[in-house]
Amino acid sequence: MRYSDGNEAHLGDVVLIDGKHKGTVVASIDTNEYSAEHPKEQWAYLKKGVMIDTDFGGLIHYPDAENEHMVLSRRGT
């Protein structure tokens, strides 16, 4: 998945959603990257996209960024 700004999503990225909310990528299904707290066995069934731990609603699955305004705020380490 790519953010609205064209950057590819990766594990640990901090993103800005709709210009006001923050979130952290805890699983990137597209790049096969998963955190220890959110292993592949838990989320791979979703087939595509990312799982983001948001500051407004907890874990949310974003299959693509087509309908979301999501930009990279800080690259994960």
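Miscellaneous remarks
- Per-residue Cβ neighbour counts within 10 Å put TYR45, TYR62 in the sequence TYR45, TYR62, beginning with the fewest.
- Label point at ASN32 placed 7 Å out along Cα→Cβ; residues across the range 43-77 whose backbone nitrogen lies under 16 Å: 43-49
- P(r), alpha carbons of the chain - 5 Å bins starting at zero, rounded %: 3, 19, 32, 28, 14, 4, 0
- Separation in nanometres of the label points that stand 7 Å from Cα toward Cβ, at LYS20 and LEU59: 2.7 nm
- Remark: the ARG74-LYS48 segment gains 7.2 nm on full extension, using 0.36 nm per residue and subtracting the alpha carbon distance.
Taken together, the values in this text are just the output of simple stated rules run on the coordinates, not laboratory data. For clarity, every value in this text was computed on a predicted model and none was experimentally measured. Backbone-built Cβ (ideal geometry, glycine too); neighbour counts: all protein chains shown.
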